[in-house]
Every structure is written in structure tokens, then in C-alpha cells.
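Undergrad: If you scroll down you'll find the structure; I have some questions about it.
The values are calculated or read from the model by the stated rules, or taken from the named source; none is laboratory data. Owing to the predicted nature of the structure, the values given are computational and were not obtained by experimental measurement. Note that each Cβ is placed from the backbone with ideal geometry, even for glycine, and that neighbours are counted across all protein chains shown. Surface accessibility is based on the protein's heavy atoms, side chains included, excluding ligands, DNA and RNA. Shrake-Rupley method; radii C 1.70, N 1.55, O 1.52, S 1.80 Å.
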Amino acid sequence: MLKAEAHNETDKQDNYIFIPTLVTYLNMVFGSISIYISNIRDINMLKVASILILLAAVTDKLDGFVARKLNMSSDFGKELDSLCDIISFGLAPVVIAWNILDGSLNILEIIISLIYIGAGIFRLARFNITKDEKHFVGLPITIAGSIMALKYLIDIRFNISIMNNFALMIILSILMVGKFKVKKPRI
């Protein structure tokens, strides 16, 4: 009888872990679609691609909230979240920047793009091994990607460039690998 109760408890846990995992995958879905539609290189599709990054940010915050509410936080979830984040907040903003320039990049812009992606991966790896549950160390990649997406939306809406995309990527890269600490908000 004890074995059957333990098995039922495992089944319940597997069902619940599906919910935060599904929300995490929505983050990846939004980022992947953002990449795909930005390749159309139409101004409206670039807007939608940027909005999808912001929706990915909402799901990124929501998955942790759901996991904590269901008491389903895990190392697996943390790793999965980071893998999805690199798509939505590392790669997608870079691909949009490339497509804004119609793919005509110079070598410096390519290098800066790769540095931004690398800084995001570094930031996520450091986050995954950090034991400090009360602070972020460096700028979270979710915020960096969201800043890029908001910048694109402002630039498109007002037909201006408030800052060179690649200059902003350099600043955000430095902030992501920085060692400053920021207290985590509890939502």
C-alpha cells in the first residue's frame, strides 16, 4: 500500500511540473517565432518580433512564480529556463538587429553581436551556479533582451534611432557580466 501511495504522489508531481515547464517553453516559443518573423525584414514584422520578446519576458517571470506557487521549483527548471532565455533574450534581439540592417553587417557589428550572446550565456551560467537566492549578480539577460526590444519599438514608432543598437549591446554585455548585486524582487 505504501508503494502505491508513493507512486500516486510521483504521478501528481509529474503532472504539476508540466505546468511550469509549459510556461517556460512559451518563453522559448515566443523567442523562436520572434527570430523567424524578423527574417521577413518587414517593419511590421520587426515590431511584432520585438513584442514577442516582451511576451517572452512575461512568461519568464511567470514560470518561476508558477513553480514556486506549486512548490515545483527545481534545478531542472532553472536549467531549462536558462536554455530558453538564451533564445529569447540573447539570440532573438541580435537577429532583429541584423534584420533591421537587412543583414548587411560589418565585422565589428558581428563581433559585438557575438559578444552580447556570449555575455548572456556567461550571465546565465553564473546564475545557475549561484547560491545567493536574494540577489542578482549582473544584469539579468531577460532585462537586457527586453531593453533591446523596447529600443527597437521606440525606434520604429518614432522613426528615429535613440542609440546605435550595437553600442547598446556593448553596454548591456558589460552589465550582464558585471559583478554588482541587485536585490531580487519577490513577486
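Undergrad: Criterion first (open to solvent by 30 Å² or more (accessible area, probe 1.4 Å), assigned to a helix (DSSP H, G or I), within 22 Å of residue 25 (Cα to Cα) and aromatic (Phe, Trp, Tyr)) does residue 122 satisfy it? Let's see the steps before the verdict.
TA: Details: open to solvent by 30 Å² or more (accessible area, probe 1.4 Å): yes; assigned to a helix (DSSP H, G or I): yes; within 22 Å of residue 25 (Cα to Cα): yes; aromatic (Phe, Trp, Tyr): yes.
In short, yes.
Undergrad: Something else now. I want to confirm something. Restricting to region 144-156 and keeping residues that are without any contact (Cβ under 8 Å) to a residue 40 or more places away in the chain and open to solvent by 30 Å² or more (accessible area, probe 1.4 Å), which single residue is farthest from residue 60 (Cα to Cα)?
TA: Checking each candidate, the answer is 154.
Undergrad: From the set of residues in region 157-179 that are in contact with a Lys or Arg (Cβ under 7 Å, 6 or more places away or on another chain) and under 22 Å from residue 78 (Cα atoms), which is least open to solvent (accessible area, probe 1.4 Å)?
TA: Going through the qualifying residues, I end up with 176.
Undergrad: Regarding residue 62, is this residue open to solvent by 50 Å² or more (accessible area, probe 1.4 Å) and modelled with pLDDT under 95?
TA: Answer is yes for this residue.
Undergrad: Moving to a separate point now. Enumerate the pairs (first residue in region 70-93 and in a helix (DSSP H, G or I) and at pLDDT 95 or above; second residue anywhere and among the β-branched types (Val, Ile, Thr) and open to solvent by 20 Å² or more (accessible area, probe 1.4 Å)) with beta-carbon separation below 7 Å, excluding pairs fewer than 6 apart on the same chain, so at least 6 apart or on different chains.
TA: Pairs found: 85/142; 86/121; 89/142; 90/117; 90/121; 91/35; 91/117; 92/35.
Undergrad: So residue 110 passes all but one of these: (1) in a helix (DSSP H, G or I); (2) touching a residue at least 24 places away in the same chain (Cβ under 8 Å); (3) farther than 16 Å from residue 92 by Cβ; (4) not charged (D, E, K, R). Which condition number does it fail?
TA: Only one criterion in (1) in a helix (DSSP H, G or I); (2) touching a residue at least 24 places away in the same chain (Cβ under 8 Å); (3) farther than 16 Å from residue 92 by Cβ; (4) not charged (D, E, K, R) is unmet by residue 110, namely (2).
Undergrad: Taking residue 141 as the residue in question, decide whether it is within 30 Å of residue 42 (Cβ to Cβ), touching a Phe, Trp or Tyr at 6+ places or on another chain (Cβ under 9 Å), touching a residue at least 24 places away in the same chain (Cβ under 8 Å) and surrounded by 13 or more Cβ atoms within 10 Å (Cβ to Cβ).
TA: Against the criterion (within 30 Å of residue 42 (Cβ to Cβ), touching a Phe, Trp or Tyr at 6+ places or on another chain (Cβ under 9 Å), touching a residue at least 24 places away in the same chain (Cβ under 8 Å) and surrounded by 13 or more Cβ atoms within 10 Å (Cβ to Cβ)), residue 141 qualifies.
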